[in-house]
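Bear in mind these aren't lab numbers, they're just calculated from the coordinates by the rules spelled out. Remember, predicted model here, so these are calculated numbers, not experimental data. Cβ coordinates were reconstructed from backbone atoms using ideal geometry, including for glycine residues, and neighbour counts include every protein chain displayed.
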Amino acid sequence: LFMRYTDLVEAPGQFVYHATKAANLGKIMQKGLTFFNDSLWVKAANPGERYQDGPSVFAFENPMPAFRWAHKIEWEFDTPAVIIKLKRGNSWELDPSPDFMMTMGDGKALESKEMIPASDIKGVVLLERLGTPVSMDMTSQEFDAHVAQALEAL
């Protein structure tokens with residue numbers, strides 16, 4: 001009997017999950033998540049156009065979209081990625097991007113126009129530490145549950 005990963009995550013609203021390059025982690029742990037940099041992400045349909053209007057911090061309500069986004073970071077930038085579990089706080093609003101692929105229906109993508117203090121960081125995991133379905137000898141459903149449980153436990 002397998003549980004869906006959505007059955008494993010904590011009640012919506014308590015935490016959010018942010019994915020970023022592992023190289024950013026030292027600065028984030030010291031200063032929190034700042035929003036002074038433009039997005040790294042360019043829209044595929046409109047090259048040169050970025051996903052955000054102005055500086056923001058982005059996160060996901062559920063861990064699996066953050067996990068997928070971290071994989072996207074590793075693939076597109078050829079660099080290790082981390083997932084950071086954050087206390088939700090009051091500064092998060094719905095991400096105005098209409099890109100359904102960001103969450104694939106798993107919760108909501110969120111945006112904050114405020115700096116997120118380092119004290120809101122509840123846990124961090126290097127993406128490679130979560131393994132792969134093959135390395136963990138799991139089906140994709142089992143692996144999704146494993147990832148969600150690991151991220152929830154941060």
The size of the Cβ-based charge dipole (Lys, Arg +1; Asp, Glu -1) of the stretch 107-154 about the Cα centre, to the nearest 20 debye, is 140
So for the stretch 60-140, using the alpha carbon gyration tensor with a ≥ b ≥ c as root eigenvalues (a/c under 1.5 gives rounded; past that, a/b versus b/c decides prolate or oblate), I'd call it prolate
Charge dipole of the stretch 66-154 built from unit charges on the beta carbon (Lys, Arg +1; Asp, Glu -1), centred at mean Cα; most positive-end Cα among Val124, Gly89, Ala66 is Gly89
